[in-house]
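Read the structure below first, then the notes.
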Amino acid sequence: MSKNSYSFERSQQLISRLHELVPGGGHTYSKGLDQFPYNSPQLIKSAKGAYCLDVDGNRFLDWAMGNRVFILGHGDEDVNDAVKAAIDQGVNYTRPGLLELEVAEYLLGLHPWAGMVKFGKNGSDVTTAAIKLARAATGRKLVAVCGDHPFFSTHDWFIGATQMDAGVPAEESGWTVKFRYNDIASVEELFARYPGQIAALILEPVKNDEPVDDFLQRLRDITKREGTVLVFDEMIAAMRFHPLGAHHLYGVQPDLATYGKAVSNGFSFSFLIGDKELMKLGGLQHDKPRVFLLSQTHASETVGLAACMATMRKCIAEDVSAYVWRLGRQMKEGFQALAGSVGVADHVRIIGFDCNPQILCTRADGTYWPELHTSFHEEVVAAGVLIPWISITSAHGHTELERTFDALRAGMEKVNRVLNSDMDVVSTYQGEAVKPVFRKYN
Ligand SMILES: Cc1ncc(COP(=O)(O)O)c(C=O)c1O
């Protein structure tokens, strides 16, 4: 239904080849063919600021920013300069490097609640390390995860509890149990059902909703009472809600917190930070059983360390979080006004916090409608805007916002036309509707 002025000739040839060579045609399932309308860019050649360019030379305004790994936009010059300077000093040494000490001191200075920090390359490295540490410290097996939050790790303790659990022993899947966000009764119920068995409770401190009835503080109290390690996963929230993470805004301290994604503006880096008594179990200065806590060939690579320090320093100095909150508010207000004026407010919604909004295409009862999502986004992409999820950065400004409103209007007008006709939504886009990543079969 939508007319795409782009040509994807080269993209189509190359993406087919990539699918022949690489399972899933890439290295992150959420970037897969089944996650985007057919007319989305297939293979990206380069990106700068708020824009990306595909191999056919088509240019898109990018709000997704990888898997939300940017806060200063693609290719920020200050971060790149810091990384280049680090490269010139050598990227990986035979013994620990000076930069490891400098970044540890910097991060612990920012997080005075924590006593020690350890580095990784991906978010999953550090969430899994937090779980291992909690199991080692408590001698317990079970992990309680927030079932409303989509992702914590590529490792078996989490993947085993999803639909896509092939290859994970059922026994391990059974060790992960779930509670609901803002539902303290579901948390109490887990502790009543598994007394003395839950090693860790992990959640994003906030996702799309405000914590109600002191939810975070009550989790803190319950986990203390039960001797369970409380882990806040700040992977998405940090830098957007606040450079130190969302928990900082609510004044509730976990035992361990995990950071990655935007903390290093696209470079590969993550860190686990937290309570000294727990963290030192991964070290050499105790007489308890040794915990293999994050020992990775590339964790001390200087590129990620330099990128993290440069990103955090710049974001704090320029108060980028405040900018993200402001631009996000303008996006939400403009979106809601548009949806109202086009008459699709019950179907094309923007939810979540101003600093981290999400577009949601729904049936009238508010449930997610993947076919409508595909139809809507096909039109938005045809207008050159890639907005499957939203990562506002300092590289996005009013020009990008205005261009996005034009694209959103086109998408909303299409939705309005479709819903006010006897057309089946499925006939209003090419190819297949987007599918959930976590499904049993293709
Ligand atoms: C909240 C959260 N935690 C952990 C992860 C895992 O991070 P990574 O993909 O860097 O391993 C993600 C990734 O999307 C995430 O969103």
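Taking the C-alpha atoms only, the angle from helix 370-382 to the longest principal axis of the chain is near 70 degrees. Rounded to the nearest 0.05, what FRET efficiency do Asp406 and Lys45 have when you use their Cβ-Cβ distance and R0 = 22 Å? The computed FRET efficiency comes out at 0.30. Against the chain, whose longest principal axis is taken from its Cα atoms, helix 9-21 shows a tilt of about 40°. Its residues counted as N, segment 273-348 yields a C-alpha radius of gyration over 2.2 N^0.38 Å of 1.98. Taking one equal scatterer on every alpha-carbon of segment 77-317, how large is log10 of I(q)/I(0) by Debye at q = 0.09, 0.11 1/Å? Result of the Debye calculation: -0.37, -0.56. Only Cα pairs under 8 Å and 6+ residues apart enter the sum, and on that basis the relative contact order of the chain stands at 23 percent.
Take the Cα coordinates of segment 343-429, assign each an equal point scatterer, and use the Debye formula without solvent to give log10 I(q)/I(0) at q = 0.12, 0.23, 0.26 Å⁻¹. Relative scattering, expressed as log10 I(q)/I(0), comes to -0.35, -1.21, -1.46. By other beta-carbon atoms within 10 Å, ranking Leu18, Leu284, Leu230 with the fewest at the front produces Leu284, Leu18, Leu230. Fully extending the segment from Val426 to Glu277, taken as 0.36 nm per residue of separation minus the present Cα-Cα distance, adds 48.1 nm. Amide H contacts of Gly120 (H built 1.01 Å from N, in plane; Pro and chain starts excluded): Ser270, Phe271, Leu272 sit under 5 Å, all sequence-distant by 5 or more or on other chains. What whole-number value in cubic angstrom gives the convex hull volume per residue for the C-alpha atoms of segment 66-151? Per-residue hull volume (Cα only) is 163 Å³. The H on the amide N of Leu142, modeled in the peptide plane, is under 5 Å from the matching H of Ala199, each at least 5 residues off or on a different chain. DSSP assigns beta bridges within segment 77-317; of those with both partners inside it, close to 35 percent run antiparallel. Note on the chain: Cα convex hull, mean projected area over all directions, 22.1 nm². Given their separation in residues at 0.36 nm each and the Cα-Cα distance between them, Arg59 and Asp319 gain 90.7 nm when the chain is fully extended.
Applying the criteria of a DSSP loop state and at most 16 other Cβ atoms within 10 Å to the chymotrypsin sites (Phe, Trp or Tyr not before Pro) of segment 150-250 yields no site.
Relative intensity of segment 227-293 on a log10 scale, I(q)/I(0) at q = 0.22, 0.23 Å⁻¹, equals -0.94, -0.98, per a Debye sum over C-alpha point scatterers of equal strength in the absence of solvent. For segment 134-232, the alpha-carbon coordinates run over 39, 31, 20 Å along the three principal axes, in decreasing order.
About its Cα centre, segment 17-130 has a charge dipole of approximately 260 debye under the convention of +1 per Lys or Arg Cβ and -1 per Asp or Glu Cβ, with nothing else charged. The long axis of helix 215-226 is offset from the longest Cα principal axis of the chain by roughly 30 degrees.
Which of the residue pairs Lys45/Lys261; Lys207/Lys280; Lys178/Lys414; Lys45/Lys207; Lys121/Lys207 have a Cα-Cα distance greater than 27 Å in the structure shown? Long pairs (Cα-Cα over 27 Å): Lys207/Lys280; Lys178/Lys414; Lys45/Lys207.
Rounded to the nearest 20 debye, the dipole size of segment 149-195 about its Cα centre is 120 debye, using +1 on the Cβ of Lys and Arg and -1 on the Cβ of Asp and Glu. Among Cys52, Cys315, the order by Cβ neighbours within 10 angstrom, fewest to most, reads Cys52, Cys315.
Per-residue packing, averaged as other Cβ atoms within 10 Å, sorts the ranges 77-86, 125-134 into the order 125-134, 77-86, beginning with the highest.
Ranking Gly260, Leu216, His155 by Cα position along the charge dipole of segment 77-317, where only Lys, Arg, Asp and Glu carry charges on their C-beta atoms, puts His155 farthest toward the positive end.
We did not get these values from a lab; they are worked out from the coordinates using the rules stated. Bear in mind the structure is a predicted one, so any value in this text is a computation, not a measurement. Neighbour counts are summed over all protein chains in view; Cβ atoms, including those assigned to glycine, are modelled from backbone coordinates with ideal geometry.
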